[in-house]
Amino acid sequence: MQHLLGIEDLSADDIRNILDRAAYYAKALEGGKWDHKTLDDKIIITLFFEPSTRTLISFDIAAKRLGANVVNWQVENSAMRKDESFLDTILTLNQMRPDAIIIRHVEFGAPNFVATRVDCPVINGGDSWREHPTQALLDALTMEREIGKLEDLTVAICGDVAHSRVANSNAILLKKMGANVRIVAPEFLMPEKFAVEGLETFTSLEEGLPGADAVMLLRIQKERMEAGQIPDDAAYHNEFGLTLEQLNLAGPKAFVMHPGPMNRGVEISDELAEDPERSLIARQVANGIPTRMAVLDMLIGG
Ligand code: NCD
């Protein structure tokens, strides 16, 4: 593995290796024991062109837990404010010889382009609606730790699937690992085509949820919609919002997941978001650290 640009580029064996390493780091973090110097002297640049709380901080912490130094580039304070181009920004940073670049960008395939122009590994922290590979990996780690093996698991991915890189990366990963994947979305948020074959599609929670082991919710990504496309929050909640009652349509033991940021009262009810027995949302955030430690270790570790 030279870069991590998308789940699409990984084999089932690659995914297995990352998840095993991530599970090792998850246990090590819980026990307070791991090698803090794995990434000693490494310098990692985070280059985020879109807002982020979880992904950015989690990469930063994962890198620092392994002893790396992190430089957070910020568009507002950069020479792009003086009309420097994206390409010149990348070429400039490359000359400073970072050991890795982690990028989030609004453009489809931007991390792949960067990978062709720099000399270090590039990690995709999310590009447009295309891929968000570390989110899918941390979701997979969470399902394996909390539910069981991915093979034959039934996962319903619900909501604004059309604009979601999280849905895309998860669907690709889950199919590669032998899970059953359902896409549950209102017509206007259902993608016209999918990156993988064999997904079942449903246009209501009543049809799509029964029998699912996990229900993965998505935010309505208003920033990727035209003004006229944006649904009314309350109307959406009535039809597609997940409450405990709706989650029980899947089954009495089904779990809810969400990559965050959540919009409580829209795609998820306030109570369900923090339900101690049925929500894996907090654990997804926690599992982001060992997952990203695993990825960094495998790409640039000694
Ligand atoms: C998501 C993202 O930015 O792709 N969040 C995340 O990284 N955990 C999902 C979203 O923005 O809705």
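So here's what we get for this one:
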| read-out | value |
| --- | --- |
| Scan of segment 278-302 for residues that are of a type in the set (A, V, I, L, M, F, W, C) and open to solvent by 20 Å² or more (accessible area, probe 1.4 Å), ordered by number | 282, 285, 286, 289, 298, 299 |
| Hey, residue 290 of a type outside the set (Gly, Ala, Ser) and in contact with a Phe, Trp or Tyr (Cβ under 6 Å, 6 or more places away or on another chain) or not | yes |
| Residue among 65, 117, 97 that is at pLDDT 95 or above, on the phi > 0 side of the Ramachandran plot and away from the ligand (no atom under 16 Å from the Cβ) | 97 |
| Residue that is farthest from residue 65 (Cα to Cα), among those in segment 34-50 that are in contact with a helix residue (DSSP H, G or I) (Cβ under 9 Å, 6 or more places away or on another chain) and of a type outside the set (A, V, I, L, M, F, W, C) | 50 |
| Any hit, segment 174-182, residues being within 16 Å of the ligand (Cβ to nearest atom), closer than 23 Å to residue 253 by Cβ and crowded, with 18+ Cβ neighbours inside 10 Å | no |
| Failed condition for residue 107, given (1) open to solvent by less than 50 Å² (accessible area, probe 1.4 Å); (2) within 16 Å of the ligand (Cβ to nearest atom) | (1) |
| Within segment 115-134, tally of residues that are surrounded by fewer than 24 Cβ atoms within 10 Å (Cβ to Cβ) and either over 23 Å from residue 43 (Cβ atoms) or in contact (Cβ under 8 Å) with a residue 12 or more places away in the chain (or both) | 9 |
| Total residues in segment 250-261, condition farther than 30 Å from residue 32 by Cα and either within 13 Å of the ligand (Cβ to nearest atom) or open to solvent by less than 40 Å² (accessible area, probe 1.4 Å) (or both) | 3 |
| Some residue of segment 262-276 being modelled with pLDDT of 95 or more, crowded, with 23+ Cβ neighbours inside 10 Å, within 13 Å of the ligand (Cβ to nearest atom) and on the phi < 0 side of the Ramachandran plot | yes |
| Any pair with Cβ under 9 angstrom, 6 or more apart, that starts in segment 145-158 at a residue that is in the same structural domain as residue 202 (by TED's automatic domain parsing) and in a loop (DSSP other than H, G, I, E, B) and ends at one that is small (Gly, Ala, Ser) and surrounded by fewer than 20 Cβ atoms within 10 Å (Cβ to Cβ) | 149/178; 150/178; 151/178; 152/178; 153/178 |
| Residue in segment 135-156 that is among the hydrophobic types (A, V, I, L, M, F, W, C), at pLDDT 95 or above, over 27 Å from residue 13 (Cα atoms) and open to solvent by less than 10 Å² (accessible area, probe 1.4 Å) present | no |
| Total residues in segment 118-144, condition of a type in the set (A, V, I, L, M, F, W, C), under 14 Å from the mean Cα position of the chain (by Cα) and assigned to a loop (DSSP other than H, G, I, E, B) | 1 |
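The values are calculated or read from the model by the stated rules, or taken from the named source; none is laboratory data. In this text the structure is predicted, and so the values were computed from the model without any measurement. Cβ sites come from the backbone with ideal geometry, for glycine too, and all protein chains shown count toward neighbours. Accessible surface is based on the protein model in full, side chains and every heavy atom, while ligands, DNA and RNA are left aside. Shrake-Rupley method; radii C 1.70, N 1.55, O 1.52, S 1.80 Å.
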